[in-house]
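Here's the structure, in C-alpha cells; my notes come after.
Each reported figure results from applying straightforward, stated rules to the coordinates on display, with no laboratory input. Owing to the predicted nature of the structure, the values given are computational and were not obtained by experimental measurement. Every residue, glycine among them, receives a Cβ derived from its backbone with ideal geometry; neighbour counts consider all protein chains shown.
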Amino acid sequence: MELSWNRYPRLEHREVLTLSDLSAGLPETAGFCLPHGNGRSYGDVCLNEGGVLLDTRRLNHIIAFDPVTGRLRCESGVLLKEIIDLVLPWSWFLPVTPGTQYVTVGGAIANDVHGKNHHWAGSFGNHVICLELLRSDGQRIQCAKEEAGEWFSATIGGLGLTGLITWAEIQLIPAHNPWMMVESRRFASLDEFWQINQEAEDHWPYTVAWLDCLSAGRGKGRGIYMAGRHALWTESLTGRRPRSLRFPLDPPFSLINPFSLRLINSLYFHQPLKKKPALSHYATFFYPLDGVLEWNRIYGRKGFFQYQCVLPPEAAQAGIAAMLKKISASGQGSFLAVLKTLGTVPSRGLLSFARPGVTLALDFPNCGQKTLRLFNEVDAIVRDTGGALNPSKDARMPALMFKTGFPNWERFAAYIDPKFSSSFWRRVTHE
Amino acid sequence: MSNRQRIVIFGATSAIASACARQWVKRGDSLFLVGRNESKLEGLIADLRTQSSTGQQIEGTTADLNDFERHEELFTRAEQVLGEIDMVLIAHGTLPDQQACQNSVSLTMEEIRTNGLSVIALLTSAANRMEARGRGCLAVITSVAGDRGRASNYVYGAAKGMVTLFLQGLRNRLAKRGVTVITIKPGFVDTPMTARFEKKGPLWAEPETAAYGIVTAVEKRRDVVYLSGIWCWIMLIIRHIPESIFKRLSL
C-alpha cells in the first residue's frame, strides 16, 4: 500500500508503475493514473484509490547544470536534497525550499510549495523557467511563463493532474557556503509576534515562527521567532552536516498526546537560545524534521492530520487568534504549529495555495470524529475571513471549502489530462 | 591501486548500477558505460557529467550483450576511452516470468543466455585481459536466488547460480594473479526490475543502499557479499534445509 506522509487515508491502488525512461511515452493503463514522487505530501493529493500511480523516483537524472548562471535542468523525480548536494559546492542554493528536502522537483512544482522566504521570493513556481509536460495522448508540451496558453499556470500547483512533468528547468540563487546566519527570539504573546514579524520581514529573507499551541488559548500565544539569511563568504564554520536518526518503530497508538505535548512544548519553548545571531547549518535551519527520518511514525498506525490555512492580511490577526482559541478549548493540540506571513509576490499557478496573508500549519493525531469535528469548526473561521486550506496537506476539506478557496478551479479543470485523476480531486469536485 | 579508477559498467542504466556510477563519479573515477536503452544511457551520461570534475572521462555506448561477437569490440572501445581498465562491474539482467518460461523453451533459453551465458562470455574476455596485466577487479551482480533452486524462480536462479559458480572458479584461478573477483548477491532491491512485488518490509533495500554496499565491497576487495548482510544468514538457513523437506515447501 502506498501511503502519503501523514499515513492517512489508507487507500488501495490497482498498481504502481515505475517510470525510468524520460523519452518513453506513458504506459497504457486501465483506469486513471497520477504521478507520485517521494510521497511527502499529506492526505490524498498524491493518492489515487483504485487507479494507477506513476512512480517518478527513477526519473532522477540531472540533465544540465550551468555553474556560471545557476540554471539547472533535471528530471522530475530528482529530490531537492540531490540538487543541494550537486549545486552547493558551486555556491548555489534552491531558490525556495519547503520544510523537507526529501521532495521531488515534480512534487515541488505540482504543489507549488513555499518556504520561509515566501515574503521575499514567492513560491517554487516563481523560479521555474520552463518545463515539459507529457500528456496521455503522447503529446509533449514544453511550456514557459512567457509563452502563450495556460499550460504553465495550470501545471504550477496543478496537483499532478495536467499530465506528467518529465523535466523542469529552475533558476538557483547564490549562497556562499552551507551556513545560515540565524536569529532566534522568544515571544510571549501573539501581539508580540506581529510586532517582531513586522520588523524582521524587511531585514531577513527567511522568517518563521514556532507556536506553543497549548498556550495560545490561555491568551498567551508564546513561541519562538526564527529569522535567517545565507551566511556571507567571510562567515563560516568548520563542521559537518548534522547526522540523521531514524524513528525505529510503529507504535500502536500516538506518542503525541495532551500529556506528552505539554511537556514537549514546554521544553522546546525553554530551549537555550543564542543572544545574538549565530551561524547554523542549512540542514538544521531548513530541515529540522529531516533530522529524524520517518518521524511521521510517531503518531502511530492511525496517522495524523495536517491543517494548513492561509488568511488574508486584513483578517489575519483576529482570525489566527480565534482559531488558536478554538483549538486550545478543544483540548487537542499540535506540536508542529508554524506561523508565517506570506508576501505579495503573486503565485503563477491557477491553483496555487500561496497568496498574500498569514499561514498557520498545525498537525493533530488522528482521533477520528473528535478531530474531524474540530476541523469543521475551524473551517468556519477560515471561511469567514476569506481564507483557504492547502490541498497538499489535506485529507478532509469539504468540496465547498475547496471551491471557495480556489475560485479558478473550473478554469483549471479544462487542463486536466483525460486519463489523470487523484483521490483528492474526486473528493473535492464530485459532490 | 591508484585512487582514481577506470571502470567499465555493463548494464549501466539499471537502478543499482547507475547508483554505483554516481558514487564512483563523486570519488573521481572515470567510467565507460554500456547499456541497452539509448535514451536512458544518454540521460545517465549527462547526469554523471554534471557531477564530474575535470579529467574524469564519462563515455558509453549501447549494445545488446547477447551479441557475444561484439564483446571484444566493447572492451577495445573502453580501453581507447579510459586508457586502461582497472575494474569491471557486470550488472545487466532481467527478471523472467517463471510461468512463461515453463511454457516456452525458447524463452527459457533466452533468459539463461541473458542472465547467465552473456555474463560468462564477458568475464572470459575481461579475465584474460586483467590476468595479462596482473591486476584488476571484476565485480558481478548475481543474486541470492542463485543459492538454491526454488519453484517460483528457478530459471533466473539457475542462470545466477551458474554465474556464482563460475566466479568461484575464476576467483580461485585469478587470486594468484593479482586479480580480485567479487560476487555480489543482492536480496530484494526496490528497482523497476522488481516492479511486480509489494515492496515493503525490512528485507527490501533501496538501490542507493545496495550500491553503497557494492562500492564498499570493491574498496575492501571482498570475495562474496550479500546485500544486505542479513541475507547471508537467511540463505545459510535456506541452503541447509534438507531437500526431502525443501521440495515440499513453497518458496
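Which residues' amide hydrogens lie under 5 Å from the amide hydrogen of A:Tyr206, considering only partners 5 or more residues apart or on another chain, with H built in the peptide plane?
A:Gly228
If you average the sequence gap of Cα pairs under 8 Å that are 6 or more apart and divide by the length of the range B:97-177, what percent do you get for the contact order? Don't skip to the end; give the middle numbers.
On the way: 68 pairs, mean separation 28.0, N = 81.
Value for the range B:97-177: 35 percent.
To make sure I understand the rule: partners must be aspartates and glutamates, Cα under 18 Å from the Cα of B:Lys185, and not fewer than 8 residues away in the same chain. Which ones qualify?
B:Asp147, B:Glu206, B:Glu208, B:Glu219, B:Asp223
Apply the Karplus curve 6.51 cos²θ - 1.76 cosθ + 1.60, θ = phi - 60°, to the phi angles in the range A:69-84 and return the couplings in whole Hz, x for Gly and Pro.
Per residue, the Karplus-derived 3J(HN,Hα) values read 9, x, 9, 10, 10, 8, 5, 6, x, 5, 7, 4, 4, 5, 5, 4 Hz.
Around A:Glu192, what is the net charge, scoring Lys/Arg as +1 and Asp/Glu as -1 over all other residues with Cβ under 12 Å from its Cβ? Numbers along the way, then the final one.
Working: positive: A:Arg185, A:Arg186, A:Lys220, A:Arg222; negative: A:Asp191, A:Glu199.
After counting each charged neighbour, the total is +2.
Calculate one ³J(HN,Hα) per residue across the range A:398-413 by plugging θ = phi - 60° into the Karplus curve 6.51 cos²θ - 1.76 cosθ + 1.60, and present them in order as whole Hz with x for glycine and proline.
x, 4, 4, 4, 5, 5, 6, x, 10, x, 7, 4, 6, 5, 4, 4
In whole Å, what is the distance between the alpha-carbon centres of the range A:372-431 and the range B:1-58?
45 Å
Would you calculate, for the protein assembly as shown, the mean residue ellipticity at 222 nm contributed by helices, counting each DSSP H stretch of 4 or more residues as -39,500 (n - 2.57) and dividing by all residues, to the nearest 500? Don't jump to the answer; show the numbers that get you there.
Working: 23 runs with 229 residues, N = 682.
It comes out at -10000 deg cm²/dmol, rounded to the nearest 500.
Please work out the C-alpha center-to-center distance from the range A:240-269 to the range A:13-41 and express it in whole Å.
Using only Cα atoms to place each centre, the spacing works out to 34 Å.
Counting other beta carbons within 10 Å of each Cβ, put B:Cys232, B:Cys20 in order, fewest first.
Values: B:Cys232 15, B:Cys20 29.
Starting with the residue having the fewest Cβ neighbours, the order is B:Cys232, B:Cys20.
Can you give me the distance in nm between label points at A:Thr234 and A:Arg10, each placed 7 Å from the Cα along the Cα-to-Cβ direction?
Between A:Thr234 and A:Arg10, the simple spin-label model gives 5.8 nm.
Once amide H atoms are placed 1.01 Å from N in the peptide plane, what residues at a sequence separation of 5 or more from A:Ile165, or on another chain, have their amide H within under 5 Å of its amide H?
When sequence neighbours closer than 5 places are left aside, the close amide H contacts are A:Leu134.
Just counting partner chain Cβ atoms within 10 Å, what average do the residues of peptide A:19-29 show around their Cβ? Could you put the intermediate results ahead of the total?
Values: counts 1, 10, 7, 4, 6, 3, 0, 0, 0, 0, 0.
Mean number of neighbouring Cβ atoms from other chains: 3.
Around B:Thr94, under 12 Å between beta carbons, what's the net of Lys plus Arg minus Asp minus Glu among the other residues? The partial results should precede the final answer.
On the way: positive: B:Arg36, B:Arg113, B:Lys160; negative: B:Asp97, B:Glu110, B:Glu111.
Its environment carries a net charge of 0.
Express in nm, to one decimal, how much length is gained between A:Ala188 and A:Asp384 on full extension, taking 0.36 nm for each residue of separation and deducting their alpha carbon distance. Write down the numbers at each step before the final one.
Numbers: separation 196, 0.36 × 196 = 70.56 nm, distance 2.73 nm.
Full extension from A:Ala188 to A:Asp384 adds 67.8 nm.
About the Cα centre of chain A, what is the dipole size in debye to 20, counting +1 per Lys and Arg Cβ and -1 per Asp and Glu Cβ, all else neutral?
On the way: 45 positive and 39 negative charges, 303 e Å.
The dipole magnitude comes to about 1460 debye.
Please find the FRET efficiency linking A:Lys275 to A:Leu3, where r is the Cβ-Cβ separation and R0 is fixed at 41 Å, and quote it to the nearest 0.05. Don't jump to the answer; show the numbers that get you there.
Numbers: r = 43 Å, r/R0 = 1.05.
Calculated value: 0.45.
Can you give me the distance in nm between label points at A:Val292 and A:His203, each placed 7 Å from the Cα along the Cα-to-Cβ direction?
3.3 nm
Mind giving me the FRET efficiency for A:Glu150 and A:Asp66? R0 is 25 Å, r the Cβ-Cβ distance, nearest 0.05 is fine.
Details: r = 29 Å, r/R0 = 1.14.
Computed FRET efficiency for A:Glu150 and A:Asp66 comes out at 0.30.
What distance in nm separates the two pseudo spin-label positions at A:Arg246 and B:Thr216, each 7 Å out from Cα along the beta-carbon direction?
1.2 nm
Cα to Cα, under 20 Å, and not fewer than 8 places away if on the same chain: which lysines meet these conditions relative to B:Lys176?
Within the straight-line cut-off, B:Lys176 pairs with B:Lys220.
Among all the lysines, which ones have a C-alpha under 25 Å from A:Lys340's C-alpha, if same-chain residues fewer than 8 places away are not counted?
A:Lys81, A:Lys116, A:Lys220, A:Lys274, A:Lys275, A:Lys276, A:Lys325, A:Lys326, A:Lys393, A:Lys403
With r as the distance between the Cβ atoms of B:Gln168 and B:Phe197 and R0 = 45 Å, compute the FRET efficiency 1/(1 + (r/R0)^6) and round to 0.05. Let's see the in-between values first.
On the way: r = 29 Å, r/R0 = 0.64.
Efficiency at R0 = 45 Å is approximately 0.95.
Set Lys and Arg Cβ to +1 and Asp and Glu Cβ to -1, take the dipole of the range B:6-246 about its Cα centre, and tell me which of B:Thr191, B:Ile112, B:Met162 lies farthest positive.
Result: B:Met162, furthest along the dipole toward the positive end.
Expressed as a whole number of Å, what is the distance separating the alpha-carbon centroids of the range A:104-124 and the range A:152-228?
About 11 Å separates the Cα centre of the range A:152-228 from the one of the range A:104-124.
Dividing the Cα radius of gyration by the Kirkwood radius, what Rg/Rh value follows for the protein assembly as shown? All intermediate terms of the calculation are to be shown ahead of the outcome.
Values: Rg = 27.2 Å, Rh = 27.2 Å.
Rounded to two decimals, Rg over Rh is 1.00.
Relative contact order for the range B:33-172: what is it in percent, counting Cα pairs under 8 Å that are at least 6 residues apart?
Numbers: 144 pairs, mean separation 31.3, N = 140.
The normalised contact order for the range B:33-172 reaches 22 percent.
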